[in-house]
Amino acid sequence: MTIVQKFAFDDREFAGKRVLVTGGTKGAGEAIVRRLSAAGAIVLTTARSATEASSQKLFVQADVSTLAGTETVAAAIMKQLGGIDIIVHSVGGSKSPGGGFAGLTDQLWQDELSLNLLAAVRLDRLLIPGMIEQGAGVIIHISSIQRRLPLHESTIAYAAAKAALSTYSKALSKELGPKGIRVNSVAPGWIHTSASEAMVKRLASHSGSDEATARQGIMDALGGIPIGRPAWPQEVAELVAFLVSDRGSAIHGTEYVIDGGTIPTV
Ligand SMILES: NC(=O)c1ccc[n+]([C@@H]2O[C@H](COP(=O)([O-])OP(=O)(O)OC[C@H]3O[C@@H](n4cnc5c(N)ncnc54)[C@H](OP(=O)(O)O)[C@@H]3O)[C@@H](O)[C@H]2O)c1
């Protein structure tokens, strides 16, 4: 597989826009940071560990799966940017082991809910009042097709948390649309990232098979990907860039699936 070519875009489209992208040092989040920055946005990102790339940018080191971590991020935004115009909640993922429901302890359930649902809920609660005051803003929640097509081997809790995130996003849109704030979610299928490769390794190790078998197992569980490959992070970033731009100004309260045709129904 070769990485997709850079798409042509207006490099001033987001000039002056203050943006938060959570989980922006790897995978889809990193691609979103790059894409919006390249179009002129002032992008602040967060992660638990600083990277070489994050040292060049506005970066807040915090664990956003905790209340204190989200408060640190919100305080840094107010101090460094004075407010926010666009929020992309990209942070998320699953670290649960294989083994189905029985392998999921209370702690694992709590961890998956804290990262995949509560990080966004808490940051929104802290940042939306400022958006309401300015009468404008755009929010994207990165969900997953697992909210509609859950896999049972290791990601039951993750899938349930993403379902809650998508439902939360829709409810929020009803409240915020009349106040000038657009809210949408994006549900990717398999994205080719280091996190998805780590999941392949975990499943291979749990089942005592190899990575090719584990990868095929995921493809089979998904029912295949009609375009024949996972999405690249840049392709997800391109969709997000469209949705947060004025080109998407009538798109509100909905979810965009980007899965190469994986979900088998309409
Ligand atoms: N990859 C897929 O196949 C796939 C499919 C469907 C949906 N998604 C969704 O797409 C989004 C991006 O996924 P991805 O696979 O691109 O992610 P990824 O490559 O695993 O990157 C995750 C990012 O979040 C940060 N992060 C993780 N836990 C954190 C925490 N507790 N506090 C703060 N930062 C944290 C990571 O940095 P640190 O580790 O340094 O904290 C990293 O920057 C997620 O919401 C995911 O659920 C992914």
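The values are calculated or read from the model by the stated rules, or taken from the named source; none is laboratory data. The model shown is predicted, which means the values in this text are computed figures rather than measured ones. Counting neighbours? That spans all protein chains shown, and the Cβs are built from the backbone with ideal geometry, glycine included. Please note that ligands, DNA and RNA were not included when accessible areas were found on the heavy atoms of the full protein model with its side chains. Shrake-Rupley method; radii C 1.70, N 1.55, O 1.52, S 1.80 Å.
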Inset, instruction - Give just the number: which of (1) under 21 Å from the mean Cα position of the chain (by Cα); (2) at negative phi does T265 not satisfy? - result: (1)
Inset, instruction - Starting from region 168-187, take each residue that is farther than 16 Å from P129 by Cβ and list its partners that are more than 16 Å from the ligand (Cβ to nearest atom) and among the polar types (S, T, N, Q), counting only C-beta distances under 7 angstrom and pairs at least six apart or across chains. - result: N184/T254
Inset, instruction - Could you please give the count of residues in region 192-206 that are in contact with a helix residue (DSSP H, G or I) (Cβ under 7 Å, 6 or more places away or on another chain) and assigned to a helix (DSSP H, G or I)? - result: 6
Legend entry - Elements of type helices (runs of 4 or more DSSP H) contained in region 1-118, each with 2 or more residues being within 13 Å of the ligand (Cβ to nearest atom) and open to solvent by 60 Å² or more (accessible area, probe 1.4 Å): 67-80, 106-113
Legend entry - Of all residues in region 127-184 being in contact with a Pro (Cβ under 9 Å, 6 or more places away or on another chain) and in a loop (DSSP other than H, G, I, E, B), the one that is modelled with the lowest pLDDT: S154
Legend entry - Total residues in region 141-154, condition crowded, with 21+ Cβ neighbours inside 10 Å and in contact with a helix residue (DSSP H, G or I) (Cβ under 6 Å, 6 or more places away or on another chain): 5
Inset, instruction - Examine region 157-172 for a residue that is on the phi < 0 side of the Ramachandran plot, more than 16 Å from the ligand (Cβ to nearest atom) and buried (at least 20 other Cβ atoms within 10 Å of the Cβ), and state whether such a residue exists. - result: yes
Inset, instruction - Quick one: count up the residues across region 220-255 that are open to solvent by less than 60 Å² (accessible area, probe 1.4 Å), in a loop (DSSP other than H, G, I, E, B) and under 17 Å from T193 (Cα atoms). - result: 4
Inset, instruction - Check region 66-85 and report whether any residue there is farther than 28 Å from A204 by Cα and at pLDDT below 95. - result: no
